[in-house]
1. What do you reckon, is Pro240 in a loop (DSSP other than H, G, I, E, B) and farther than 30 Å from Pro177 by Cβ?
2. Please determine whether any residue of the range 224-236 is buried (at least 18 other Cβ atoms within 10 Å of the Cβ), modelled with pLDDT of 95 or more, in contact with a strand residue (DSSP E or B) (Cβ under 8 Å, 6 or more places away or on another chain) and not basic (Lys, Arg).
3. So Phe215 fits all but one of (1) within 29 Å of Arg175 (Cα to Cα); (2) part of a loop (DSSP other than H, G, I, E, B); (3) in contact with a Phe, Trp or Tyr (Cβ under 8 Å, 6 or more places away or on another chain); what number is the exception?
4. Could you please give the count of residues in the range 168-197 that are under 12 Å from Val274 (Cα atoms) and either small (Gly, Ala, Ser) or assigned to a helix (DSSP H, G or I) (or both)?
5. Where residues in the range 282-320 are under 18 Å from the mean Cα position of the chain (by Cα) and more than 24 Å from Phe104 (Cα to Cα), which of them is surrounded by the fewest Cβ atoms within 10 Å (Cβ to Cβ)?
6. Taking Pro256 as the residue in question, decide whether it is modelled with pLDDT under 95 and assigned to a loop (DSSP other than H, G, I, E, B).
7. Suppose the filter is surrounded by fewer than 15 Cβ atoms within 10 Å (Cβ to Cβ) and more than 28 Å from Gly212 (Cα to Cα); does Ala245 pass it?
8. Being more than 23 Å from Thr138 (Cβ to Cβ), assigned to a helix (DSSP H, G or I), of a type in the set (Phe, Trp, Tyr) and modelled with pLDDT of 95 or more is true for just one of Phe104, Phe98. Which residue is that?
Amino acid sequence: MRHRIPLLPVLLAAALLAAVPGCGGPSAPRGAPPAPSSVPATGDFSGQVEVGGGRKVYLSCKGSGSPTVILESGLHDSSDTWTITDTRPPVPKAPAVFPGVAAFTRVCRYDRPGTVRYVDPPTLTTRSTPVDGTRALTAMADDLDTLLTSARLPGPYVLVGHSFGGMITRLYAQRHPRKTAGLVFVDAFGTDIRALFGTRWAAYRTLLDRPGTPFDARPDFERVDIDGAIDAVSAAPPLPAVPMAVLSKTEPFAAPPGTSKDLLDTLERAWPQVQQKLVELGTQTPQFLATGSDHYVQVHDPDLTISAVRLVVGRVRAEP
């Protein structure tokens, strides 16, 4: 039986290990600009890229071709979620999304600071320089832009965002339309979710920030100003008119013991509406229902996720 929690990766890691042999808040420390860096245009690369202020971010790239696909993980998740699978027939165990996309174009993933590695036991990533405190979505989108620029990865990009990662890619696309070729939302978070929760919003926001992991009290554990993030996306320019696709779960979210049933019921009622709003962001945007999958669609349905990315890449390549 699968046990998954919305945006709470530590319990996800525990399950997978059995199957695998804001508006404000601190951002990147200011200081010297990033040193020139370059990632090879083809082949495998895994290493740290300087993003300024003495910080480095772990980046891994694979494959060749254009457009380059950028994989953005959900809240608290390292980039490991794109390299592991937990499937059941008829869904194949391999490839995972990262190597699967690399079969037809260049693809890169990275670790945001304070995110969880899917190792035994789970731990916070040491591959990217830690950042303490609550982060603003604008700072996270700036990190992504600085990383892509410092690594000299050729754009425009197809941005693939899982869960809250969809908020990062969405704001990036709104702020950098000429650098955005396409978007894939993988059971992604949306701006309308706050209104749909009503009086229960504060409780859900607390759950997202402090999900009951061993890392909750650590100052370097990824924590985001969720209200500020919604406000930032809502205030930003419209999304560019680029090919998009939406993948959505069909199975309920799991939750830690003691979570209010009313809170979970509200989440399940709200989520399909959130997904529909994402579909409405673009023109002729297909929505794929990942039947039998929970929130981690890229882990349970990697082949479907790869196919959605391939579709968007194909539409980008077909544009005059």
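The values are calculated or read from the model by the stated rules, or taken from the named source; none is laboratory data. Just so you know, these numbers come straight off a predicted model, no measurement behind them. No Cβ is skipped: glycine too gets one built from the backbone with ideal geometry, and neighbour counts run over all protein chains shown.
1. Details: in a loop (DSSP other than H, G, I, E, B): yes; farther than 30 Å from Pro177 by Cβ: no.
Judged against the criteria, Pro240 is not a match.
2. yes
3. Result: Phe215 fails condition (1) only.
4. 7
5. Asp294
6. Values: modelled with pLDDT under 95: yes; assigned to a loop (DSSP other than H, G, I, E, B): yes.
Answer is yes for this residue.
7. Numbers: surrounded by fewer than 15 Cβ atoms within 10 Å (Cβ to Cβ): no; more than 28 Å from Gly212 (Cα to Cα): yes.
Against the criterion (surrounded by fewer than 15 Cβ atoms within 10 Å (Cβ to Cβ) and more than 28 Å from Gly212 (Cα to Cα)), Ala245 does not qualify.
8. Details: Phe104 fails: assigned to a helix (DSSP H, G or I).
After applying the criteria, what remains is Phe98.
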